[in-house]
Each structure stands twice: as C-alpha cells, then as structure tokens.
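*Asks:* Input: one structure, supplied below.
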Amino acid sequence: MKSGKQRKAEIKQSRLARIAKHNREINPFKGPVPEWAIPVNAAEVVYHSMFLDIPLFYVDKEFACKDCGKIEIWTARQQKWWYEVAKGNFETTAVRCRQCRDKRKAKRDAQKKHMEEISNESY
Ligand SMILES: [Zn+2]
C-alpha cells in the first residue's frame, strides 16, 4: 500500500514529464522553454556562420568570468540587448562579470584621459 505522500510525488513526476514533453514539442532542439524566456528576433541578430543554429529563445545563461572566475548569470534580457540592439555578433557571449567589465572600462577611461593629458601638454 502506497502512502498518500508517495502518490502525490508520482503525480507530480508525471505532470513534470508531460510539461517537459510539451516543451520539447514546441522547441525541439533547445530543450524546455521556461516561461520567462524571451523570443529571439532572428531578423535583428548579426551572425557570420552559416551553420549557426539560432535558438528560438534567449534564456539566462551561467558563465565563469574570464578574469576572476566568478560565476555570473547573463540574463535573457541582456542577451537580447547585446545581440539585437548593440549588434554584438551572435557567436560572441559574455566572458567577464560586471565587476571585471567595470574595472576594465575604468582602466580604459583612465588611459584615454592620460593620453589626452599628454597630448595637451605638447602644445
Ligand atoms: Zn570577474
């Protein structure tokens, strides 16, 4: 005799399996589509590889920062912005966490300022 708790778990399992199957049917190549996934506007994205398999949706992606190794989430919204507004190549992905990006930007700005100061001094 099964307990009510076990039965409940079984019902939950079969429901999850049904949802997963449904998601596979609407998006057969990319696995389950979460409710918060953002549709890709394929007309707006820039890519060079003919063989690139463009997904139907952006989903949050986890990545390890190239500089500090921190695990950061690249959100679906940020991806849409990067590929469709900033026109980042579709073959590129986020490689640095926000902190390291800010650090690099600050360094670049400082260098630029420094260069400007040097060129001003020569007059
Ligand atoms: Zn980092």
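The values are calculated or read from the model by the stated rules, or taken from the named source; none is laboratory data. Just so it is clear, the model here is predicted, and its values are computed rather than measured. Positions of Cβ are backbone-derived with ideal geometry, glycine not excepted, and every protein chain shown enters the neighbour counts. For the accessible areas, the whole protein counts, side chains as well, though only heavy atoms, and no ligand, DNA or RNA atoms are used. Shrake-Rupley method; radii C 1.70, N 1.55, O 1.52, S 1.80 Å.
*Asks:* Could you check how much of the accessible area of the stretch 38-123 is carbon and sulfur, as a whole percent, using a 1.4 Å probe?
*Replies:* Accessible surface attributable to carbon and sulfur in the stretch 38-123 totals 56 percent.
*Asks:* Could you pull out every one of the aspartates and glutamates with an alpha carbon less than 16 Å from that of Lys66, ignoring same-chain neighbours closer than 8 positions?
*Replies:* Candidates past the 8-residue exclusion: Asp102.
*Asks:* Taking the Cβ of Val40 as the centre, find all other residues whose Cβ is under 9 Å away and add up their charges (Lys, Arg: +1; Asp, Glu: -1).
*Replies:* -1
*Asks:* Okay, next question. I need to check one value: relative contact order of the stretch 34-121, counting alpha carbon pairs closer than 8 Å and at least 6 residues apart, in percent.
*Replies:* 29 percent
*Asks:* On to the next question. Tell me which lysines have Cα within less than 29 Å of Lys8's Cα, excluding those fewer than 8 residues away on the same chain?
*Replies:* Lys21
*Asks:* Quick one: accessible surface of Arg98, probe radius 1.4 Å, all protein chains present, in square angstrom to the nearest 10.
*Replies:* Spelled out: Arg98, probe radius 1.4 Å, area about 130 Å².
*Asks:* Another question about this same structure. Hey, with R₀ at 30 Å, roughly what FRET efficiency would Asn41 and Ile73 work out to, going by the Cβ-Cβ distance, to 0.05?
*Replies:* The formula returns an efficiency of 0.90 here.
*Asks:* Among all the aspartates and glutamates, which ones have a C-alpha under 14 Å from Lys103's C-alpha, if same-chain residues fewer than 8 places away are not counted?
*Replies:* Asp67
*Asks:* Separate question: What is the Cα convex hull volume of the stretch 37-119 when expressed per residue in Å³?
*Replies:* Spelled out: Cα convex hull of the stretch 37-119, divided by residues, is 120 Å³.
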